[in-house]
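Bear in mind these aren't lab numbers, they're just calculated from the coordinates by the rules spelled out. Because the structure is predicted, anything quoted here is derived from the model rather than measured. Using ideal geometry, Cβ is built from the backbone for each residue, glycine included, and neighbour counts are taken over all protein chains shown.
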């Protein structure tokens, strides 16, 4: 198909927000050098997002011990995860608006770092109501992390390196989780060990927040695209949201993330191995380092592979790898959840394969979204995408919890994880045509912006 030319920068504007920035608000020309210290900046962001997610790791890893201590049903896990995700849906866009006024770094330091005190406070809970309230307050601040950090990543790295950078961002997260996960599992061996899990999670979150405050340098919006925009132009407006939602690719991505059931499986993995397969809490948690380290390998290797595939097939290379990884994950999940293996080590192998396949996905879906949105809309786009992801995670997790209480966890995972993932992978076939058209429009728009500045 023919690509739009730079002489028509507003073609397809409803899909990409191309009308949002024009003329003097563009601050630099195209073809900039790489952003200074971008890999060190990425390491700080990876550590911060890891700590924000460690609270959820405490709940999913230590839920059998927490359930025994507070007398909870299986559905309580679904409720806790759902509350966390629903709060992300609501507050993710709000923090994007706040960050446009006070700076992304300031919001990250407060909401994703110092906010860890609320996670630590959850360790003092005496009943489920107190735990749920404190867990929800912690989630309120942590909701800022996903959309802002992914938006910053797009400003640090150009299109040729975004797959690798996205993979390393989430690979670093998984690497820290691989260390923390089994240590949390060992806390189940001591009385009230789950409380210490919250204390440690909250404390480390505050530490990483202080590191970001001291060492992180926020890049200009659009720095890696050679189309930097002013702070005023980057402020989120309803008109920009309407333009964003008019893009077919973006709407299809939202639908795909609503149906993404890979993450809910990990919320229930440990309790599934305890309840349905008869392993102890500590033994079941021992699969986590295998799965997470495999995920790390998948993100690193996957990011490199995805960028190379994209260069070889610049039209839809990343999208094809994303779809293939999703379908492969769904088929592998059958072996993890529907076959009763005699050894925990066999489960470790299958969950490791899941980890590798899952590791390919961030290096695909994040750059795919970046390629159909202009720089000033990316944080907003990520807030909506992560909101859809969180809403789907909440709904699927609630469904698994309540359905698991009634027909068994194995059957619930079959319907709401295995089959739903396969359907989701097939659904992704609808993305190819609009993606090719809209990503070409964004490339032309950014080229036109750079050319406009060069000629002025």
Helix-derived mean residue ellipticity, 222 nm - over the chain, DSSP H n ≥ 4, -39500 (n - 2.57), to 500: -24000 deg cm²/dmol
Which value, in nm² and rounded to one decimal, describes the direction-averaged projected area of the C-alpha convex hull of segment 110-164? 4.7 nm²
The base-10 log of I(q)/I(0) that the Debye equation returns for segment 347-448 at q = 0.18, 0.21 Å⁻¹, one scatterer per C-alpha, is -1.06, -1.24
Can you order the peptides 66-72, 355-361, 328-334 by their average number of other Cβ atoms within 10 Å per residue, highest first? 355-361, 328-334, 66-72
From the Cα centre of segment 304-369 to that of segment 425-440, the distance in Å is 19 Å
I'm checking a number: the convex hull volume of the Cα atoms of the chain, normalised per residue, in Å³. What is it? 118 Å³
Final fewest-first order of 162, 449, 257, 101 on the 10 Å Cβ neighbour count is 101, 257, 162, 449
Got a sec? How would 354, 210 order by Cβ neighbour count within 10 Å, fewest to most? 210, 354
Burial-style ranking of 301-312, 145-156, 336-347, average other-beta-carbon count within 10 Å with highest first, yields 145-156, 301-312, 336-347
Please report the Cα spread of segment 247-326 along all three principal axes, rounded to whole Å, starting with the longest. 48, 27, 14
